[in-house]
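J.: Here it is, the structure, as structure tokens.
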Amino acid sequence: MGAHCCNDVKFEGMDPAYKRALILVIIINAVMFLVEMPMGFVGDSQALKADALDFLGDTATYALSLAVIGKSHSLRAKAAMIKGISLLLMGGWVLASTLYTVFYLHAPTAFIMGSVGFAALSANIISVLLLMRFKDGDANVRSVWICSRNDAIGNIMVMIAASGVWLSGTGWPDIVVAGLMASLFISGSLTIIKQARGELLAHHAPAE
């Protein structure tokens, strides 16, 4: 049985176990941003920088998710909307910076990409396992799950990019993966925005 009730009532994050899991995930994301962003510059990897930026965004948005637990339905939906829009902007930034990098292409360091990517993947797998049983909640709760799931997928893609860079000796695999990660961010953001918008409309709909 999931972490929510039947019918239209969805889990709202009030379970203390969920709050503890969310706090752990916030700490994990903050630490990984501090590790991965410098390594993205050292290794000259666009994919690592994109992934590090995602860790930073998740740290902020998960903290927002924690702050609005127990608040009104409208406030939680608005918080989810903010997270969806921020994820959309992040995806746009990664996509734009990836296109910019195409014109100044140089091969990143495959070893740094692979080793840091593996550490990030391990961190996100732990986060996914902590949050898995809470994935079917309201927009605020579900946005946390979607971001964590996308992070794990993105880290697998970074590992694939590192292998491609090592095999090809060029930076194109890194560029392609960064572009795919941007698409993943945008897709996830639209899912979050759609659910948050639906909840806001339902909350403001006149009672029959």
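J.: So for the stretch 158-175 (the condition being crowded, with 22+ Cβ neighbours inside 10 Å and closer than 20 Å to LEU88 by Cβ), does at least one residue qualify?
T.: Within the stretch 158-175, none of the residues are crowded, with 22+ Cβ neighbours inside 10 Å and closer than 20 Å to LEU88 by Cβ.
J.: Any idea which of LYS71, LYS83 is surrounded by 24 or more Cβ atoms within 10 Å (Cβ to Cβ) and either modelled with pLDDT of 85 or more or not aliphatic (A, V, I, L, M) (or both)?
T.: LYS83
J.: Something else now. Given the options ALA17, ALA50, name the one that is under 30 Å from TRP166 (Cα atoms) and either at pLDDT below 80 or surrounded by fewer than 22 Cβ atoms within 10 Å (Cβ to Cβ) (or both).
T.: Values: ALA17 fails: under 30 Å from TRP166 (Cα atoms).
Unique residue meeting the criteria: ALA50.
J.: If you go through the stretch 114-127, how many residues are closer than 22 Å to ARG76 by Cβ and surrounded by fewer than 21 Cβ atoms within 10 Å (Cβ to Cβ)?
T.: Total meeting the criteria: 0.
J.: Look at the stretch 57-82 and say how many of its residues are without any contact (Cβ under 8 Å) to a residue 24 or more places away in the chain and within 16 Å of the chain's Cα centre (by Cα).
T.: Start the filter on the stretch 57-82 by keeping residues that are without any contact (Cβ under 8 Å) to a residue 24 or more places away in the chain, which leaves 64, 67, 71-72, 75, 82.
Now narrow it down to the ones that are within 16 Å of the chain's Cα centre (by Cα): 64, 82.
Number satisfying all stated conditions: 2.
J.: Only one of LEU201, LEU131, LEU121, LEU190 is at pLDDT 80 or above and out of contact with any helix residue (DSSP H, G or I) (no Cβ under 8 Å at 6 or more places or on another chain). Can you tell me which?
T.: LEU201
The values are calculated or read from the model by the stated rules, or taken from the named source; none is laboratory data. None of the values given here were measured: they were computed from a predicted structure. Cβ sites come from the backbone with ideal geometry, for glycine too, and all protein chains shown count toward neighbours.
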